[in-house]
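A.B. asks: One structure, pasted below without further comment.
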Amino acid sequence: MKVLMLNGSPHANGNTALALVEMEKIFRAEGIETQILQVGNQDIRGCMACYACLQTGKCVFDDLVNEAASAFASCDGLVAASPVYYASANATLIAFLDRLFYSTRFDKTMKVGAAVAVARRGGLSATFDELNKYFTISGMPVASSQYWNSVHGMNPGEAAGDAEGLQTMRVLARNMSFLMKSIALGKEAYGLPEKEQKTGTNFIR
Ligand SMILES: Cc1cc2nc3c(=O)[nH]c(=O)nc-3n(C[C@H](O)[C@H](O)[C@H](O)COP(=O)(O)O)c2cc1C
């Protein structure tokens, strides 16, 4: 069982990293393998809507997005964590997620998702909602905690003082572990939900 954790911050050792490491301790205690992928410090361009991926199953820009695809395909859970920039996720992480989710053709159904937002003061729940959108269009159940998944801090390391935020991360990781293990059992017992041929109407008559 494995969780892929995306750090959307340009700082590999900043506050977003602290939130992820707090979750990672719990995953390890639960016997779950983890991989933290540093996304926010990479040069990742946005999607150019060429739709080539619909034929090839991968992005025309051969960068971290394509490298991460196999880790995403094989994981049981995905954590997307971002610092808040202007009440939104870091643009680099959004470019990465747009291209990763759009270009990959494998079934994401029942991989568990968790969004984490990190900020000095405001825009956390807007960022949390923004990140959850990737999971909820993909048949991915969303893990939650005792508060909307957020941690406060400004300068790198300050989040260590946010006792409630870090507890929220630990509880989130425990809940996510429980969900992933329960889904694994459910898959064995019942299989994945039946699929329908997808209908796309694009609001055109
Ligand atoms: C361009 C930019 C925009 C920011 N916008 C916000 C914001 O809207 N709300 C907020 O509370 N903090 C904001 N911050 C502060 C960061 O979210 C905060 O420093 C966070 O802890 C950074 O996480 P990191 O250490 O993982 O990079 C902003 C920082 C930058 C660089």
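A.B. asks: Could you tell me the convex hull volume per residue, in Å³, taken over the Cα atoms of the chain?
C.D. replies: 131 Å³
A.B. asks: Which lysines have a Cα lying under 30 Å from the Cα of residue 58, excluding residues fewer than 8 positions away in the same chain?
C.D. replies: In chain and number order, the partners are 2, 108, 111, 133, 181, 187, 195, 198.
A.B. asks: Percent antiparallel among DSSP beta bridges with both residues in the chain, to the nearest 5?
C.D. replies: 10 percent
A.B. asks: Moving on. Which value, in Å² rounded to 10, gives the accessible area of residue 164 with a 1.4 Å probe and all protein chains present?
C.D. replies: Near enough 110 Å² of accessible area.
A.B. asks: With the other protein chains left in place, how much accessible area per residue, in square angstrom, belongs to region 2-190 at a 1.4 angstrom probe?
C.D. replies: Ligands and nucleic acids excluded, the result is 47 Å² per residue.
A.B. asks: Could you check the spin-label model distance between residue 35 and residue 1? Points 7 Å from the Cα along Cα→Cβ, value in nm.
C.D. replies: 1.9 nm
A.B. asks: Tell me the net charge near residue 116. Cut-off is 13 Å between Cβ atoms, residue 116 excluded, with +1 for each Lys or Arg and -1 for each Asp or Glu.
C.D. replies: For residues surrounding residue 116, the net value is -4.
A.B. asks: Sequence-distant or interchain residues sharing an amide H contact under 5 Å with residue 85, placed H: which?
C.D. replies: Answer set, sorted by chain and number: 90.
A.B. asks: So what J values fall out for region 47-55 if you push phi through Karplus, 6.51 cos²θ - 1.76 cosθ + 1.60 with θ = phi - 60°, rounded to Hz, Gly and Pro as x?
C.D. replies: Couplings: 5, 9, 6, 7, 6, 4, 4, 5, 8 Hz.
A.B. asks: Between region 69-84 and region 138-205, how many Å separate their Cα centres?
C.D. replies: Computed from Cα coordinates, the inter-centre distance equals 10 Å.
A.B. asks: Just subtract the alpha-carbon distance of residue 192 and residue 74 from 0.36 nm times their residue separation and send over the number in nm, one decimal.
C.D. replies: 40.9 nm
The values are calculated or read from the model by the stated rules, or taken from the named source; none is laboratory data. Just so we're clear, the structure is a prediction, and the values are computed from it rather than from any experiment. Don't worry about glycine lacking a Cβ; one is built from the backbone with ideal geometry, like all the others, and counts go over all protein chains shown. The protein model used for the area step is the full one, side chains on, heavy atoms only, and it has no ligands, DNA or RNA in it. Shrake-Rupley method; radii C 1.70, N 1.55, O 1.52, S 1.80 Å.
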